Amino acid sequence: MLAIIAFLILLIGWFNYINLSTAASIKRANEVGVRKVIGASRGQLVRQFLTESVLVNVLAFITAMLLIILLQPFFNRIVGKELSFSTLLHSAGWIYAALLLVMGALLSGAYTAFALAGLNPIKTLKGQMNKTGKGVFLRKSLVVSQFAISIGLIIAALFIYAQLSYMQNKNLGINTSGKFGGVQANIQFNPQQLDKSSIEASVDVSTVNSDNDTRDRHLKGAKFFDADHYPTLSLKSVSFQRRGSNSFTGKFNLTIKGVTKPVDFPFNYTEANGKITYNGSFKINRKDYNVGGNSMVLADEVTISIMAETAAGTSK
């Protein structure tokens, strides 16, 4: 689909080049007439104009390659893929590019070259150039084709944009939950001495469990938690504030994949039967921690729920 759109845009560019070249042919008519008078053959003129067309197409090709390199990150964010310019460097990619370059040079330069090379030198130098009905019809046909392709591409772009927006914003009704098993925590929390309280916890990322082995392998991979390079994620308190008799808000630093961001963690504190329970949740944007990359399937917002239980008088 994208290849077809790219080819149609390229076709518009070729049509536009032909129109501009033929529109400027009057300015070059005297040049052609003089060269024919001094002995230039039709073949020499055709080769000259085709060479000019090749040079223009080569410059356009180089510019296009530079634009691809510059705009690739933005394109990746739009489509949610990690495409690389290196994929074009294989032999087949360069062959296709070379074929497009040759085809573009011939299509965009052939008509202008043969039309100018075929001018009558005497009539040209006398200013008696005739606009043939065939030439006018071709130019009008190219203009109509340009408008038709452009309108079609605009309509297609609107449909694609609407579809992408729908896919990105529509709640698919699929909620996935998981848990970590390897948790270590040091809890020094006293509701009466919040300024002296502290909570630190770390989680072994490799213990992630979402009840799906395939998904768990993805979660441990480089695109998500990257367990090989970042084996743990951590949560460290900064300060606490009382919200109610048994409810508090803690300001924490959350570190995932080497990225540390401040988070507010509201939680409830209950003490009963010799046990202390801490229970609460907070939300983060997974992209802030480089988890999951760009995706039209994954939601950016993730809810983290924490429940910890300690024996009264202990810190773990």
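The values are calculated or read from the model by the stated rules, or taken from the named source; none is laboratory data. Just so we're clear, the structure is a prediction, and the values are computed from it rather than from any experiment. Ideal geometry is used to build each Cβ from the backbone, glycine not excepted, and the neighbour counts take in all protein chains shown.
Tell me yes or no: at least one residue of segment 172-192 is of a type in the set (Lys, Arg) and at pLDDT 80 or above. Explain how you work it out, then say what you get.
Filtering segment 172-192 down to residues of a type in the set (Lys, Arg) leaves 179.
The next check asks that each one be at pLDDT 80 or above; those that pass are 179.
Among the residues of segment 172-192, at least one is of a type in the set (Lys, Arg) and at pLDDT 80 or above, which makes the answer yes.
Given Val46, Val56, Val34, which one is of a type outside the set (Phe, Trp, Tyr), at pLDDT 80 or above and in a helix (DSSP H, G or I)? Before the answer, list the steps.
On the way: Val46 fails: at pLDDT 80 or above; Val34 fails: at pLDDT 80 or above.
Within the list Val46, Val56, Val34, the selection yields Val56.
Taking only segment 204-254 into account, find how many residues are of a type outside the set (Gly, Ala, Ser) and under 30 Å from Leu194 (Cβ atoms).
Looking only at segment 204-254, we keep the residues that are of a type outside the set (Gly, Ala, Ser), and these are 204-205, 207-209, 211-220, 223-226, 228-233, 235-236, 238, 240-243, 246, 248-249, 251-254.
Subsequent filtering for residues that are under 30 Å from Leu194 (Cβ atoms) retains 204, 232-233, 235-236, 238, 240-243, 246, 248-249, 251-254.
Adding up the residues that qualify gives 17.
Return the total of residues in segment 136-171 being more than 30 Å from Asn19 (Cα to Cα), of a type in the set (Phe, Trp, Tyr) and modelled with pLDDT under 80.
Qualifying residue count for the region: 1.
Pick from Val302, Val263: which is part of a strand (DSSP E or B) and modelled with pLDDT of 95 or more?
Numbers: Val302 fails: modelled with pLDDT of 95 or more.
Only one candidate qualifies: Val263.
Please verify whether Gly292 is surrounded by fewer than 16 Cβ atoms within 10 Å (Cβ to Cβ), outside the structural domain of Ile78 (by TED's automatic domain parsing) and in a loop (DSSP other than H, G, I, E, B), treating the condition exactly as stated. Even if it seems obvious, please write down each step before you answer.
On the way: surrounded by fewer than 16 Cβ atoms within 10 Å (Cβ to Cβ): no; outside the structural domain of Ile78 (by TED's automatic domain parsing): yes; in a loop (DSSP other than H, G, I, E, B): yes.
Criteria not met by Gly292.
Take the residues of segment 250-276 that are hydroxyl-bearing (Ser, Thr, Tyr) and surrounded by fewer than 16 Cβ atoms within 10 Å (Cβ to Cβ): which is nearest to the chain's Cα centre (by Cα)?
In the first step, residues of segment 250-276 are kept if they are hydroxyl-bearing (Ser, Thr, Tyr); the result is 255, 260, 269-270.
Filter once more, keeping what is surrounded by fewer than 16 Cβ atoms within 10 Å (Cβ to Cβ): 260, 270.
Details: Thr260: 25, Thr270: 47 Å.
My answer is Thr260.
Looking only at residues that are surrounded by fewer than 14 Cβ atoms within 10 Å (Cβ to Cβ) and modelled with pLDDT of 85 or more in segment 305-316, which one is farthest from Glu82 (Cα to Cα)? Reasoning before the result, please.
First, pick out the residues of segment 305-316 that are surrounded by fewer than 14 Cβ atoms within 10 Å (Cβ to Cβ): 305, 307, 309, 311-316.
Now restrict to residues that are modelled with pLDDT of 85 or more: 305, 307, 309.
Working: Ser305: 31, Met307: 36, Glu309: 42 Å.
Among them, the one singled out is Glu309.
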